[in-house]
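Below: the structure, in structure tokens.
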Amino acid sequence: MHTPWNGAGRRIFLQDVGPRDGLQMEAAFVPTADKIALVDALSETGLAKIEVTSFTSPAAIPALRDAETVLREIRRAPGVVYTCLVPNLRGAERAVDARADEFNLVMSCSETHNISNLRMTRAQSFAALSQVVALAVQARVPVNVSLSCAFGCPMEGDVDAQVVLEWAARFLDQAGVRGVTLCDTTGMAYPTQVAALTAAFRQRFPAAELTLHFHNTRGMGLANVLAAIDAGADRFDASLGGLGGCPYAPGASGNVCTEEVVHALELMGFDTRCNLEGLIAAAHRLPALIGHPIPSQVAQAGPRQLLHAPPADFLALRERALER
């Protein structure tokens, strides 16, 4: 009998993108020392990968203008990959100098979104990012490519799965590209769609490292994670506290929440190697840093196993109940 929700010890790799994807959306500048301390705390929780920062122009993303300092001064835990977003050759050079373990390159599967977000056509983005891949090969830095709007574009609507797979193929044909992330940029994905695209990707590129990046914009984040696992995925981006978002989904919630995903998967028998208590403690740091509450329900309510004392007058209540 098929039991998709019985993890049976199956290994799932969790990658936290909060220090980059989460903090870049925040109005408040988080001090450099606090960013470093946050990444250091995450490094102790068993995550497979942490997206530390972005080497985008400081003028474009002032919240991450301290990228070099943060990446250089974090404590690097053995076995953790410290990745960063690299938009162009200049960003790649900065990332190499700061000792990035991996470059994460981004372009959209949607022409409209790519032009709106990156000011380039998809072909222009591919040509520019191919130069970054070549530099990464020279520097011996592995590359991951994140394909935005893989499950739908907020301006065009549905995106053909074959378009997504063809862009993945063009990148994976290049030496140095070891993985692709399929991104649900504005939370348009739904479980049956996720399962179909994940299975098609796995069938076509069995040797590639596949990551799924979901947003919880419409409350389907965890359901999409489970659908992807059932279709063969084992690697997921998530954001501490559920931070993040997209300017094309104003007011929407952010990425799937790291501690919520870990909480659910561990209860179902999957092996995330993550310390939930440590993740919740790290999430509790966030409100003071960003100046507002976080979406994480697990951080607010605690894990399922967190028990509470009965009412102070419980013994008297029991006695009265037994007297009836």
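The values are calculated or read from the model by the stated rules, or taken from the named source; none is laboratory data. Computed from a predicted structure; not experimentally measured. When we count neighbours, we look across all protein chains shown, and the Cβ atoms used for this are built from the backbone with ideal geometry, even at glycine. Keep in mind that these areas ignore ligands, DNA and RNA; they rest on the heavy atoms of the full protein, side chains included. Shrake-Rupley method; radii C 1.70, N 1.55, O 1.52, S 1.80 Å.
Tally up the carbon and sulfur contribution to the accessible surface of the chain as a whole percent, 1.4 Å probe, everything protein left in place.
Ligands and nucleic acids excluded, carbon and sulfur give 55 percent.
So what is log10(I(q)/I(0)) for the chain at q = 0.07, 0.12 1/Å, when the Debye sum runs over its Cα atoms only?
Log10 I(q)/I(0), no solvent term: -0.28, -0.78.
Among bridges DSSP assigns within the chain, what percent are antiparallel (round to 5)? Numbers along the way, then the final one.
Numbers: 2 of 36 bridges.
The antiparallel proportion sits near 5 percent.
Mind checking the per residue accessible area of the chain for me, 1.4 Å probe, whole number of Å²?
Details: 14320 Å² over 324 residues.
Heavy-atom SASA per residue in the chain reads 44 Å².
What residue among 256, 96, 39 has the largest mean-square fluctuation in a Gaussian network model of the chain, using Cα springs under 10 Å?
Between 256, 96, 39, it is 96 that shows the largest mean-square fluctuation.
Packing-wise, with mean Cβ within 10 Å as the measure, how do 288-301, 17-30 rank, highest first?
Working: 288-301: 16.2, 17-30: 21.9.
Going by the mean number of other Cβ atoms within 10 Å, highest first, we get 17-30, 288-301.
Distance between Cα centroids, region 185-230 to region 78-126: provide it in whole Å.
21
Net charge near residue 263: determine it from the other residues with C-beta under 13 Å of the C-beta of residue 263, scoring Lys and Arg +1 and Asp and Glu -1.
Working: positive: 304; negative: 259, 260, 266, 277.
Overall, the nearby charge balance is -3.
For region 2-53, which semi-axes, largest first and in whole Å, follow from the square roots of 5 times the eigenvalues of its Cα gyration tensor? Write down the numbers at each step before the final one.
Numbers: eigenvalues 180, 34, 10 Å².
For region 2-53, the ellipsoid semi-axes come out as 30, 13, 7 Å.
Give me the percent relative contact order of region 70-127, please, defined on Cα pairs under 8 angstrom at least 6 residues apart.
Details: 51 pairs, mean separation 15.9, N = 58.
After rounding, I find 27 percent.
For n ≥ 4 DSSP H runs only, could you compute -39500 (n - 2.57) per run for the chain, divide by its residues and tell me the 222 nm figure to the nearest 500?
Numbers: 12 runs with 130 residues, N = 324.
After summing the helix terms and dividing by the residues of the chain, the value is -12000 deg cm²/dmol.
Give me the one-decimal nm value for the distance between modelled label points at residue 223 and residue 190, 7 Å along each residue's Cα-to-Cβ direction.
0.8
Over the chain, calculate the relative contact order: mean separation of alpha carbon pairs under 8 Å at least 6 apart, over the residue count, as a percent. Walk me through the numbers before you get to the answer.
Numbers: 632 pairs, mean separation 64.6, N = 324.
RCO, the chain: 20 percent.
Could you work out the Kirkwood radius for region 166-324, taking every pair of different alpha carbons, averaging 1/r and inverting it, reported in Å?
Details: mean 1/r = 0.0558 Å⁻¹.
Kirkwood radius, region 166-324: 17.9 Å.
Can you tally the net charge around residue 70? Count Lys and Arg as +1, Asp and Glu as -1, for every other residue whose Cβ sits under 11 Å from the Cβ of residue 70. Please list the in-between numbers first.
Working: positive: 20, 35, 65, 72; negative: 34, 40, 66, 68, 73.
It works out to a net charge of -1.
Mean-square fluctuation check for the chain, GNM, Cα pairs under 10 Å: which of 130, 146, 54 is largest?
130
Taking 30 Å as R0, compute the FRET efficiency from the Cβ-Cβ separation of residue 116 and residue 68 and round it to 0.05.
Details: r = 29 Å, r/R0 = 0.95.
After rounding to 0.05, the efficiency reads 0.55.
Could you sort 7-15, 203-211, 83-91 so that the peptide with the highest average Cβ count within 10 Å comes first and the rest follow in order? Write out the running numbers ahead of the final one.
Numbers: 7-15: 16.3, 203-211: 14.8, 83-91: 21.7.
Descending mean neighbour count gives 83-91, 7-15, 203-211.
Mind checking which of 271, 173, 313 has the largest fluctuation in a GNM of the chain, springs on alpha carbons under 10 Å?
313
Report the calculated FRET efficiency for residue 297 and residue 124 (r = Cβ-Cβ distance, R0 = 41 Å), to the nearest 0.05.
Numbers: r = 41 Å, r/R0 = 1.00.
Working from the Cβ atoms, E equals 0.50.
Calculate the length of the line joining the C-alpha centroid of region 146-168 to that of region 268-313, in whole Å.
Comparing the Cα centres of region 146-168 and region 268-313, I get a distance of 34 Å.
Suppose R0 equals 30 Å. What FRET efficiency, 1/(1 + (r/R0)^6) with r the Cβ-Cβ distance, do residue 6 and residue 275 give to the nearest 0.05?
Details: r = 23 Å, r/R0 = 0.75.
According to the calculation, E is roughly 0.85.
For residue 320 and residue 33, calculate 0.36 nm times their separation in residues minus their Cα-Cα distance, and state this gained length in nm to one decimal.
97.6 nm
Determine the dipole magnitude for the chain: charges of +1 sit on the beta-carbon of Lys and Arg, -1 on that of Asp and Glu, nothing else is charged, the reference point is the Cα centre, and the result goes in debye to the nearest 20. Write down the numbers at each step before the final one.
Numbers: 27 positive and 33 negative charges, 63 e Å.
That gives the chain a dipole magnitude of about 300 debye.
Between beta-carbons, use under 14 Å as the cut-off and find the net charge around residue 163, counting Lys and Arg +1, Asp and Glu -1. Intermediate values should be presented prior to the final figure.
Details: positive: 122, 170, 204; negative: 111, 156, 158, 160, 166.
Residues near residue 163 contribute -2 overall.
Provide the three semi-axes, in whole Å and in decreasing order, of the ellipsoid equivalent to region 82-182 as defined by the square roots of 5 times the Cα gyration tensor eigenvalues.
Rounded to whole Å, the semi-axes are 24, 14, 11.
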